[in-house]
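Below is one structure, written out as structure tokens; the observations come after it.
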Amino acid sequence: MDEETVRVLGGPATAVEPLTRNAMNAVTGGIWRVRTERRSAVLKVLTRRKDGQEGWESATGPRH
């Protein structure tokens, strides 16, 4: 993540803060706010897990 942080935000991360997310959503692996000295961005990691509750599981359709 260090190289991407420098490329996207222009410097190394000074803080990485986990953000609250919907625990039922099976496709969200995690969400973090990444801060540098001047900027910040939200990083969201997606997964293809299928163990979510009904209505929150991942879909296989390419248009979903």
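Can you pull out the residues in segment 42-55 that are closer than 25 Å to GLU17 by Cβ and modelled with pLDDT of 75 or more? Can you show your working first?
Just the residues of segment 42-55 that are closer than 25 Å to GLU17 by Cβ, to begin with: 42-47, 49, 52.
Scanning segment 42-55 gives VAL42, LEU43, LYS44, VAL45, LEU46, THR47.
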Problem - Identity of the residue in segment 1-33, farther than 26 Å from ALA59 by Cβ and among the polar types (S, T, N, Q), that ends up nearest to the chain's Cα centre (by Cα) - result: THR5
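If you go through segment 13-33, how many residues are surrounded by 12 or more Cβ atoms within 10 Å (Cβ to Cβ) and out of contact with any strand residue (DSSP E or B) (no Cβ under 9 Å at 6 or more places or on another chain)?
First, the residues of segment 13-33 that are surrounded by 12 or more Cβ atoms within 10 Å (Cβ to Cβ): 13-14, 16, 21, 24-33.
Now drop any that are not out of contact with any strand residue (DSSP E or B) (no Cβ under 9 Å at 6 or more places or on another chain), which leaves 24-26.
Residues flagged as surrounded by 12 or more Cβ atoms within 10 Å (Cβ to Cβ) and out of contact with any strand residue (DSSP E or B) (no Cβ under 9 Å at 6 or more places or on another chain) within segment 13-33 amount to 3.
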Exercise for the section: Search segment 6-41 for residues being hydrophobic (A, V, I, L, M, F, W, C) and touching a Gly at 6+ places or on another chain (Cβ under 7 Å), and hand back the single one that is modelled with the lowest pLDDT. Expected result: MET24
Exercise for the section: Output the residues belonging to segment 34-51 that are surrounded by 13 or more Cβ atoms within 10 Å (Cβ to Cβ) and over 30 Å from GLY61 (Cα atoms). Expected result: VAL34, ARG35, THR36, SER40
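The values are calculated or read from the model by the stated rules, or taken from the named source; none is laboratory data. None of these values were measured; they are calculated from a predicted model. Positions of Cβ are backbone-derived with ideal geometry, glycine not excepted, and every protein chain shown enters the neighbour counts.
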